[in-house]
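*Asks:* There's a structure below that I have some questions on.
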Amino acid sequence: MRRRRLVVATVSLVLAAAVAACILKGGAKQTSSGGFRQARAVQFAKLAGAAYCAVPALKAWTCGPKCLPSVQPPVKVCVGDTTKAFVARWEGLGLVSFEGTKTYSSMVQDLRTYTSLASWELCSNCRVHTGFLEEWRSLADCIKDSLANVGSGSGSAIRVTGHSLGAATSALAMVSLAKQGWHIEEAYNFGMPRVGNADFARAFGEMFPSVSYRVTHHMDPVVHVPPETFAFQHVNTEVFYKGNLSTGFTICTEAETSTCAGQYSDIAYDLLYLDDHMDYMDEQTGSSGCVPPTRSAQVSQAFDRRQVGSATLEMVV
């Protein structure tokens with residue numbers, strides 16, 4: 001009898017361990033792990049998607065479900081070389097959300113071939129993608145001024161998010177802003193391409209342990225470019241969803257692993273799954289889902305423009 005009870009107890013422990021392991025790997029009941037919270041990621045995904053909406057709708061904060069009511073006006077919009085970003089206060093802290101590219105297939109093809117790395121003085125031996133760095137630099141001054149204007153100047157705690165190219169810009173912004181006195185309290189980025197080399201990835205991980213999450217989704221092709229073979233490496237920590245929210249997630253603390261999105265690395269085939277790039281946390285993280293700006297917002301926007309020759313510059317207001 002005693003031996004039988006011992007066997008039953010042993011089997012129970014084994015089953016319990018198996019169930020626990022299954023949950024840790026992303027069982028359907030898992031909604032948080034460590035510092036990652038699924039409900040929080042859903043909020044950030046909405047805000048990352050909002051960055052794609054029209055400037056008038058952002059300034060009026062009338063872009064639909066992506067414009068969370070907990071965001072406090074004013075909303076400042078910064079226009080860079082090819083994308084834009086918005087700055088506001090959310091739940092009492094500064095928020096920066098970076099727009100990504102709207103031509104995903106073209107971006108993937110470009111990043112497969114355009115793999116130039118530029119030295120970046122903000123961390124030792126760091127090299128980052130030239131195009132991403134140029135985009136961040138085109139936005140940097142406006143972002144810093146806008147943070148100050150909404151009451152979150154240097155020394156303040158802020159939150160950061162982005163999708164696609166916006167996620168890459170977000171990673172560079174985090175390093176740059178942290179070096180200039182801002183404290184990154186939370187960062188959730190979605191569908192991020194590789195941003196820089198191994199030294200950049202290492203420095204990023206050391207600067208933002210337990211506050212930064214790189215969310216990936218099934219066969220999203222964008223997360224596989226630029227290629228590792230050109231000395232690029234992903235930043236940590238990856239949170240991988242193989243399906244929708246109900247399927248759960250897997251957390252990978254190693255930068256490049258076949259346990260998470262790395263199990264799908266055939267870019268030519270993955271291009272058939274661009275929908276996985278536009279749907280994060282069951283939210284429309286691209287331009288889809290943006291409510292068009294109201295007529296009053298469009299009229300208001302007209303007063304924020306100044307013509308310089310043939311170019312139109314958007315002012316931050």
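*Asks:* What figure in square angstrom, to the nearest 10, would you give for the accessible area of residue 184 with a 1.4 Å probe?
*Replies:* Roll a 1.4 Å probe over it and residue 184 shows about 10 Å².
*Asks:* A follow-up question, please. Output the Kirkwood hydrodynamic radius of region 62-206, Cα pairs only, in Å rounded to one decimal.
*Replies:* Kirkwood radius, region 62-206: 15.4 Å.
*Asks:* Measure off 7 Å from each Cα along the Cα-to-Cβ vector at residue 134 and residue 93, then give the distance between these two points in nanometres to one decimal.
*Replies:* 3.3 nm
The values are calculated or read from the model by the stated rules, or taken from the named source; none is laboratory data. None of the values given here were measured: they were computed from a predicted structure. Every residue, glycine as well, gets a Cβ built from its backbone with ideal geometry; the counts of neighbours run over all protein chains shown. For the accessible areas, the whole protein counts, side chains as well, though only heavy atoms, and no ligand, DNA or RNA atoms are used. Shrake-Rupley method; radii C 1.70, N 1.55, O 1.52, S 1.80 Å.
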